[in-house]
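Trainee: To start, I am sharing the structure in question, which I have written as structure tokens.
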Amino acid sequence: MSLLPANLMARHFAPVLGCLLFAGCGSADNFATAPVKGVVTCKGQPVSGGTINFSPITMGKDGLAGKPASGTVGTDGTFILTTYHDNDGAVVGKHRVIYSLPSTDGPVPKFPCANSAPIEVEVKAGSNDLKIEF
């Protein structure tokens, strides 16, 4: 009985071993998300359009903070966040919130409610209905 030469084994089994190792590493959507919707306001009035971004700041699994979430702000100031799949929300934990004005072809308008201090919110397990006040 003869054994396979070492170089033949390496050529055939190395790719299989590599696939098994990478499959065990998991994927980016290991972080639990919770549904997040809400309204963005400026001086108590809903903003019209733009984008809202939630960037995780809480350290999660393996020292990672998680993937940021974003949502389109409607003309009534409302938004629903997406992280991995449409409207799945944001990673559970603390987030820094950034609002971006709608795109324009002309000069960029000044946002009357620009904050010098960053806004932070906490996304909790379960549904989250937030009011983001600038």
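The values are calculated or read from the model by the stated rules, or taken from the named source; none is laboratory data. In this text the structure is predicted, and so the values were computed from the model without any measurement. When we count neighbours, we look across all protein chains shown, and the Cβ atoms used for this are built from the backbone with ideal geometry, even at glycine.
Trainee: Just one of Leu64, Leu17 is surrounded by fewer than 17 Cβ atoms within 10 Å (Cβ to Cβ), modelled with pLDDT under 95 and over 23 Å from the mean Cα position of the chain (by Cα); which is it?
Mentor: Leu17
Trainee: Give me the pairs, please: first residue somewhere in the range 39-55 and over 15 Å from His95 (Cβ atoms) and touching a residue at least 40 places away in the same chain (Cβ under 8 Å), second residue anywhere and of a type in the set (Asp, Glu) and in a strand (DSSP E or B), beta-carbon distance under 9 Å, and either six or more positions apart or on two chains.
Mentor: Val39/Asp129; Thr41/Glu133; Cys42/Glu133; Lys43/Glu133; Gly44/Glu133
Trainee: Please count how many residues of the range 99-125 are modelled with pLDDT under 95, aliphatic (A, V, I, L, M) and closer than 23 Å to Pro35 by Cβ.
Mentor: Final tally of qualifying residues: 1.
Trainee: Being in contact with a Gly (Cβ under 9 Å, 6 or more places away or on another chain), hydroxyl-bearing (Ser, Thr, Tyr) and modelled with pLDDT under 95 is true for just one of Thr58, Thr51, Thr75. Which residue is that?
Mentor: On the way: Thr51 fails: modelled with pLDDT under 95; Thr75 fails: modelled with pLDDT under 95.
Within the list Thr58, Thr51, Thr75, the selection yields Thr58.
Trainee: Are there any pairs with C-beta distances below 7 angstrom linking a residue in the range 106-134 that is surrounded by 10 or more Cβ atoms within 10 Å (Cβ to Cβ) to a residue that is assigned to a loop (DSSP other than H, G, I, E, B) and modelled with pLDDT under 80, with the two at least 6 apart or on different chains, and if so which?
Mentor: Once the first residue is surrounded by 10 or more Cβ atoms within 10 Å (Cβ to Cβ) and sits in the range 106-134, its partners that are assigned to a loop (DSSP other than H, G, I, E, B) and modelled with pLDDT under 80 give Phe134/Asn115.
Trainee: Go through the range 90-124 and give me each residue that's outside any strand (DSSP E or B) and touching a strand residue (DSSP E or B) at 6+ places or on another chain (Cβ under 7 Å).
Mentor: Val92, Pro112, Cys113, Pro118, Lys124
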